[in-house]
Amino acid sequence: MIWLPLGFFLTALLYASVGFGGGSTYSALLALVGFDYRLLPIVSLCCNVVVVTGSTLRFARAGEMPWRGALILSLLAAPLAFLGGLTPIREEAFLALLGMSLIAAGLALFLPRAPQAAATPTRAARHMGWAAAPLGYLAGLVGIGGGVFLAPLLHLTRWNGARRIAATASLFILINSLAGLVGQLTKNGAGRFAEALTGALPLLVAVVIGGQLGSLLALRILPERVIRWLTAALTIWAGSRLLLG
């Protein structure tokens, strides 16, 4: 199973380089190796928290975090992420929903990006809170952060400049991953936390290293567009494998 930490490392590197956590693909990789689907979101959300905490701190130190807007979106979604984590779901429904989410997320990465400098927002940009809440529920339900869905919507509506959207996505993923994790632990019991993370230490180490390299180095080596395409390809492949069995 040596390829699994490598897959987590690659996922963290690619996703961190474009401001995401990678929770959706962590979940898919774990599902593909037959990991208990009830424990799977706990591992994925913990990995998400590890990756995006560093990204959020770096964006904040650089003065790129639009705190008011980012907190509004994140805090609107967080209660729904908690409820999503609490919601019981059958394995077949979980895997189908996760697979469809992955394919949708991969396709969303191909959507146009906002310019680096903030252009005039569209009228829809003022109503992004309505989109944030259901994304929070999906995040908690299947063990993702939801930022991979939110960011394309923010770009399409020119909600802010590209760097500030990436910063917002990082904070959104961090807060919703924590809320979803609390919901998952409330549903499954604290004992499941230790069970889920038993043997997952190599995966956490892999995402720590991959996340740091992704956020610090990857954008200097490859153009952002190429990284997004690679991330999209990985995400769509994982989703297709889940749906096709």
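The values are calculated or read from the model by the stated rules, or taken from the named source; none is laboratory data. Since this is a predicted model, take the numbers as computed values, not measurements. All Cβ positions, even for glycine, are placed from backbone atoms using ideal geometry, and neighbour counts span all protein chains on display.
Overview of values
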item	result
Any hit, segment 192-204, residues being in contact with an Asp or Glu (Cβ under 6 Å, 6 or more places away or on another chain) and at pLDDT 85 or above	no
Selected residue [touching a Gly at 6+ places or on another chain (Cβ under 9 Å), modelled with pLDDT of 90 or more and under 27 Å from Glu64 (Cα atoms)] from Gly147, Gly180	Gly180
Output for segment 8-23, where each listed residue is assigned to a helix (DSSP H, G or I), out of contact with any Gly (no Cβ under 6 Å at 6 or more places or on another chain) and crowded, with 24+ Cβ neighbours inside 10 Å	Phe8, Leu14
Failed item, numbered, when Gly63 is tested on (1) surrounded by fewer than 23 Cβ atoms within 10 Å (Cβ to Cβ); (2) in contact with an Asp or Glu (Cβ under 9 Å, 6 or more places away or on another chain); (3) of a type in the set (Gly, Ala, Ser)	(2)
Index of the failed condition, Leu73 passing every other in (1) part of a loop (DSSP other than H, G, I, E, B); (2) at pLDDT 85 or above; (3) not β-branched (Val, Ile, Thr)	(1)
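Yes/no per residue for (1) part of a helix (DSSP H, G or I); (2) more than 14 Å from Leu135 (Cβ to Cβ); (3) at pLDDT 90 or above:
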{"position": "Ala81", "(1), (2), (3)": "yes, no, yes"}
{"position": "Ser101", "(1), (2), (3)": "yes, no, no"}
{"position": "Gly106", "(1), (2), (3)": "yes, yes, no"}
{"position": "Phe110", "(1), (2), (3)": "no, yes, no"}
